[in-house]
Amino acid sequence: MRKIWHQLFLMERPSIGLAFFRIFVALGVGAHLIPAFFHLPDTFFVTAFKTYNTQFFPIWFIEWVQQSPDGLVLVLVWVFLISWMMFLLGWFTQISGWVMMGCCYYFYALNTFALAESLAWDILLVTLFLMICTPYPGDYFSIDCLRRQDQMAYRRQRPFFIQRLLQMQIGFVYFYTALYKVTAEGNWITDNPIYYLLNYPHEGVTKYFMLRDFMAARPEWCYALGIFIVVMEMAMIFLLFIPRTRVSGIYWGVIFHIMLMLTLDVPAIFFFVFPPQLLLFINPEHIAGWIDQKRHFYERLPDSMTYRLVYDGRCHFCRQSVARLAVMDLLGRLRFIDYHGVQDPQALHPLLTTQKVRSQIHLLDPQGRLNGGFFAFRRLGLILPMMMPWLPVLYFPGMGVVGPVVYQWVAKNRYIWHRHQVCRDNMCFYGKGS
Amino acid sequence: MFSHKKILRSIPDMVWGHLRKAGITIFVILWCGLFHYVSLRHFYLEPLMGRPLPQPKFLFPPAGWIMFFHVGNGFSHLEILGMHQGRSYRIEPHAILPTRYLGFDNVHRGVLGSAADPQHQRPFCRYLRRKFPEYDDFLITAVSYPPVREPLTDRRWAVLYQCRVFDP
């Protein structure tokens, strides 16, 4: 018994899955709350139409929150936005998560109506609570892991209980949802809910999709589909927890949520949070093992078949940046070359000169192409998973002009970023402090 | 003199390990207990016990995970009419609820239905007056569609309330 308990909750496993999930929880929270900030007089200011969830909050708490002047609401909007961005980026992940969750509670108590009186918001808060109980979600895909400069951050071992509870949460949410549909006040056995949904008028919750009219005319098919959905929802917890059927369960779940999004006006959580939560069923040891395999593969390749980043190893700022890039390099595709250790840079590439490598970083790709400065940085966006979210910015129209200017300014002034005066004069490696 | 960090460091790792495991175990048991209690409370435990049971505040949906658990035959929604010089004009619901969400439409989710609740009528009228000052008055009407299989054109309108009654 003790062994099973240990295996279920206490055993340490890599937290990379939780770290990945953190991004989607943040996106789900943002998608739910941020749109309401564009219409503050209609959503959260004194002038808004408000309703309160007295079952979720005690009355005293609602009354206390209602005393907020509009100025405080505005301040908390900014507190939320900053903490949300920090949580998304994984910067002081746990603290920013607590602050963000505090703001979520505040706005929920301030006006339930503005949050669409939604059960989805309740579910999101439950998920968020588990995500901020520990600092584990900040272990990777985060600024926190870059600050620690731990190249093995993706393998960081943590007790598995948070991920297990999140797995159990989604599994049982499916199960109870199905249970309510067939018992309690549910009518999915005794009636034909899908048929009703499809025949609702335009003002209803059902979207217009390709097969809507076809299905709406076939009540028997609708009933069969309804029963199928209930059976699948009940079976999901077994499909997900039995290793042999796990992958099928994940596929079913993802398809189910995509279908929900396409056919019904359901809140963003069904898109942002549930499908990625299903991915938590993938054993993180397998993910880390797959990453290790890739790293070993790239490690064995000869230099000429890898991406090589040529940098200034005597510049503290550059070394720090390279250390961070090494953390971001999940699959180990980069090799870092300090140009001070290279006698003739032209041996690396005919176009490389000492003057060039001193002025900016250069990236040599396996095809022998050379990218320098901003363009090297932009190319890294295609190679390093943690930089991929920045691709829309790096490739935004006009960045080919603005990017190099900004890069050149940073490159020219990189010694400014040194903490010590000696280093600012670029003397770190010559003085006794070296 | 020992600082608290030194004291903490002096506790053997094994003791820390046991404390951490005990902490996690207690948390998991409490969480699971609460999760299933909340999931079963409203529809199963309360009828079983024949009395209302306490609802934990601040976490978990109060009625459980009730997504689309009961879908009725027939449909109704609110329509808001603005009155000006004795004539009524339908107000587009998206103008009343201007917030646009990614991937879904709250008006279609029927959130405007909250305005039908007697305790929300006065604040809703106040909100409408501020938002649409060009109207003299507002009529809050319920539009009911007939049960499925009957023509959708057989809609029935009913005035729920008129904002003028709340005027000082």
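Looking at (1) outside any helix (DSSP H, G or I); (2) within 11 Å of chain A (Cβ to nearest Cβ), which one does residue B:125 not meet, given that it meets all the others?
Failing condition for residue B:125: (1).
Tell me yes or no: at least one residue of segment B:134-143 is at pLDDT below 95, surrounded by fewer than 17 Cβ atoms within 10 Å (Cβ to Cβ) and either within 30 Å of residue A:271 (Cα to Cα) or within 19 Å of the chain's Cα centre (by Cα) (or both).
No, the conditions are met nowhere in segment B:134-143.
Any residue in segment A:178-197 that is charged (D, E, K, R) and within 15 Å of residue B:67 (Cβ to Cβ)?
Yes, some residue in segment A:178-197 is charged (D, E, K, R) and within 15 Å of residue B:67 (Cβ to Cβ).
Across segment A:321-344, which residue is surrounded by the most Cβ atoms within 10 Å (Cβ to Cβ) among those that are assigned to a loop (DSSP other than H, G, I, E, B) and touching a residue at least 40 places away in the same chain (Cβ under 8 Å)? Lay out the reasoning, then the answer.
Of the residues in segment A:321-344, the ones assigned to a loop (DSSP other than H, G, I, E, B) are A:329-333, A:342-344.
Filter once more, keeping what is touching a residue at least 40 places away in the same chain (Cβ under 8 Å): A:329-331, A:333.
On the way: A:329: 24, A:330: 19, A:331: 17, A:333: 18.
Checked segment A:321-344; the qualifying residue surrounded by the most Cβ atoms within 10 Å (Cβ to Cβ) is A:329.
Which residue pairs have Cβ atoms closer than 7 Å, lie 6 or more positions apart in sequence or on different chains, and pair a first residue in segment A:359-375 that is surrounded by fewer than 18 Cβ atoms within 10 Å (Cβ to Cβ) with a second residue that is at pLDDT 90 or above and part of a loop (DSSP other than H, G, I, E, B)?
A:366/A:306
With respect to the numbered conditions (1) within 29 Å of residue A:277 (Cβ to Cβ); (2) crowded, with 20+ Cβ neighbours inside 10 Å, which one is the sole condition not fulfilled by residue A:49?
Of (1) within 29 Å of residue A:277 (Cβ to Cβ); (2) crowded, with 20+ Cβ neighbours inside 10 Å, only one is false for residue A:49: (1).
For the list (1) buried (at least 20 other Cβ atoms within 10 Å of the Cβ); (2) closer than 19 Å to residue A:28 by Cα; (3) modelled with pLDDT of 95 or more, I need the number of the one condition that residue A:279 fails.
Residue A:279 satisfies all of (1) buried (at least 20 other Cβ atoms within 10 Å of the Cβ); (2) closer than 19 Å to residue A:28 by Cα; (3) modelled with pLDDT of 95 or more except (1).
Count, please, the residues in segment A:235-249 that happen to be in contact with a Ser or Thr (Cβ under 8 Å, 6 or more places away or on another chain) and surrounded by fewer than 16 Cβ atoms within 10 Å (Cβ to Cβ). Before you say what the answer is, go through the steps one by one.
Looking only at segment A:235-249, we keep the residues that are in contact with a Ser or Thr (Cβ under 8 Å, 6 or more places away or on another chain), and these are A:238-239.
From the residues that got through so far, the ones that are surrounded by fewer than 16 Cβ atoms within 10 Å (Cβ to Cβ) too are A:238.
The number of residues fulfilling the criteria is 1.
I want to confirm something. Restricting to segment A:376-396 and keeping residues that are closer than 18 Å to residue A:319 by Cβ and in contact with a strand residue (DSSP E or B) (Cβ under 7 Å, 6 or more places away or on another chain), which single residue is surrounded by the fewest Cβ atoms within 10 Å (Cβ to Cβ)? Lay out the reasoning, then the answer.
Pass one, segment A:376-396, residues closer than 18 Å to residue A:319 by Cβ: A:376-377, A:380, A:384.
If we keep only those that are in contact with a strand residue (DSSP E or B) (Cβ under 7 Å, 6 or more places away or on another chain) too, we end up with A:376, A:380.
Values: A:376: 21, A:380: 24.
Taking the candidates together, the pick is A:376.
When you scan segment B:97-113, do you find a residue that is within 8 Å of another protein chain (Cβ to nearest Cβ), assigned to a helix (DSSP H, G or I), free of Cβ contacts under 8 Å to residues at least 40 places away in the same chain and not aliphatic (A, V, I, L, M), even just one?
no
Would you confirm whether or not segment A:3-13 contains a residue that is farther than 27 Å from residue B:56 by Cα, away from chain B (no Cβ under 13 Å) and surrounded by 16 or more Cβ atoms within 10 Å (Cβ to Cβ)?
Scanning segment A:3-13, I find at least one residue that is farther than 27 Å from residue B:56 by Cα, away from chain B (no Cβ under 13 Å) and surrounded by 16 or more Cβ atoms within 10 Å (Cβ to Cβ), so the answer is yes.
Which helices (runs of 4 or more DSSP H) does segment B:4-85 wholly contain that include 1 or more residues that are surrounded by 12 or more Cβ atoms within 10 Å (Cβ to Cβ), at the interface with chain A (Cβ under 10 Å from one of its Cβ atoms) and touching a residue at least 12 places away in the same chain (Cβ under 8 Å)?
Here the list reads B:13-40.
For residue A:63, work out the one condition from (1) within 31 Å of the chain's Cα centre (by Cα); (2) more than 10 Å from chain B (Cβ to nearest Cβ); (3) among the charged types (D, E, K, R) it doesn't fulfil.
Failed condition: (1).
Would you call residue B:93 surrounded by 12 or more Cβ atoms within 10 Å (Cβ to Cβ), under 30 Å from residue A:268 (Cα atoms) and in contact with a strand residue (DSSP E or B) (Cβ under 8 Å, 6 or more places away or on another chain)? Before the answer, list the steps.
On the way: surrounded by 12 or more Cβ atoms within 10 Å (Cβ to Cβ): yes; under 30 Å from residue A:268 (Cα atoms): yes; in contact with a strand residue (DSSP E or B) (Cβ under 8 Å, 6 or more places away or on another chain): yes.
Criteria met by residue B:93.
Return a yes/no flag: does segment A:205-220 have any residue that is in contact with a His (Cβ under 7 Å, 6 or more places away or on another chain) and either among the hydroxyl-bearing types (Ser, Thr, Tyr) or within 30 Å of residue B:92 (Cβ to Cβ) (or both).
Yes, segment A:205-220 contains at least one residue that is in contact with a His (Cβ under 7 Å, 6 or more places away or on another chain) and either among the hydroxyl-bearing types (Ser, Thr, Tyr) or within 30 Å of residue B:92 (Cβ to Cβ) (or both).
Filter segment A:300-320 down to the residues that are surrounded by fewer than 17 Cβ atoms within 10 Å (Cβ to Cβ) and under 23 Å from residue A:144 (Cα atoms) and list them by number.
A:319, A:320 - these are the residues of segment A:300-320 that are surrounded by fewer than 17 Cβ atoms within 10 Å (Cβ to Cβ) and under 23 Å from residue A:144 (Cα atoms).
Of the conditions (1) more than 13 Å from chain B (Cβ to nearest Cβ); (2) of a type in the set (Lys, Arg); (3) buried (at least 23 other Cβ atoms within 10 Å of the Cβ), residue A:181 satisfies every one except a single condition; which number is it?
Condition (1) is where residue A:181 drops out.
When you scan segment A:259-273, how many residues do you find that are part of a helix (DSSP H, G or I) and more than 11 Å from chain B (Cβ to nearest Cβ)?
Residues meeting the conditions: 2.
The rows are residues; the columns are (1) at pLDDT below 95; (2) within 9 Å of chain B (Cβ to nearest Cβ); (3) more than 30 Å from residue A:285 (Cβ to Cβ).
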position	(1), (2), (3)
A:118	yes, yes, yes
A:146	yes, no, no
A:149	yes, no, no
A:192	yes, yes, yes
A:208	yes, no, yes
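Based on this model, can you work out whether residue B:148 counts as buried (at least 17 other Cβ atoms within 10 Å of the Cβ), more than 21 Å from residue A:267 (Cβ to Cβ) and over 24 Å from the mean Cα position of the chain (by Cα)?
Answer is yes for this residue.
Report whether or not residue A:267 is in contact (Cβ under 8 Å) with a residue 60 or more places away in the chain, surrounded by 15 or more Cβ atoms within 10 Å (Cβ to Cβ), in contact with a Lys or Arg (Cβ under 9 Å, 6 or more places away or on another chain) and within 18 Å of residue A:122 (Cβ to Cβ).
The answer is yes for residue A:267.
Could you list all residues from segment A:204-234 that are crowded, with 18+ Cβ neighbours inside 10 Å and free of Cβ contacts under 8 Å to residues at least 12 places away in the same chain?
A:204
Among A:120, A:114, which is the only one that is among the small types (Gly, Ala, Ser), more than 20 Å from residue A:277 (Cα to Cα) and in contact (Cβ under 8 Å) with a residue 40 or more places away in the chain?
Among A:120, A:114, only A:114 is among the small types (Gly, Ala, Ser), more than 20 Å from residue A:277 (Cα to Cα) and in contact (Cβ under 8 Å) with a residue 40 or more places away in the chain.
Determine, yes or no, whether residue A:130 is within 14 Å of chain B (Cβ to nearest Cβ) and either crowded, with 24+ Cβ neighbours inside 10 Å or at pLDDT below 95 (or both).
No: the conditions fail for residue A:130.
Could you list all residues from segment A:204-220 that are charged (D, E, K, R) and in contact with a helix residue (DSSP H, G or I) (Cβ under 8 Å, 6 or more places away or on another chain)?
Within segment A:204-220, the subset charged (D, E, K, R) is A:207, A:212-213, A:218, A:220.
Listed by number, the residues that qualify are A:207, A:212.
The values are calculated or read from the model by the stated rules, or taken from the named source; none is laboratory data. Just so it is clear, the structure is predicted and the values come from calculations on it, not from any experiment. A quick note on method: Cβ atoms are made from the backbone with ideal geometry, for glycine too, and the neighbour counts reach across all protein chains shown.
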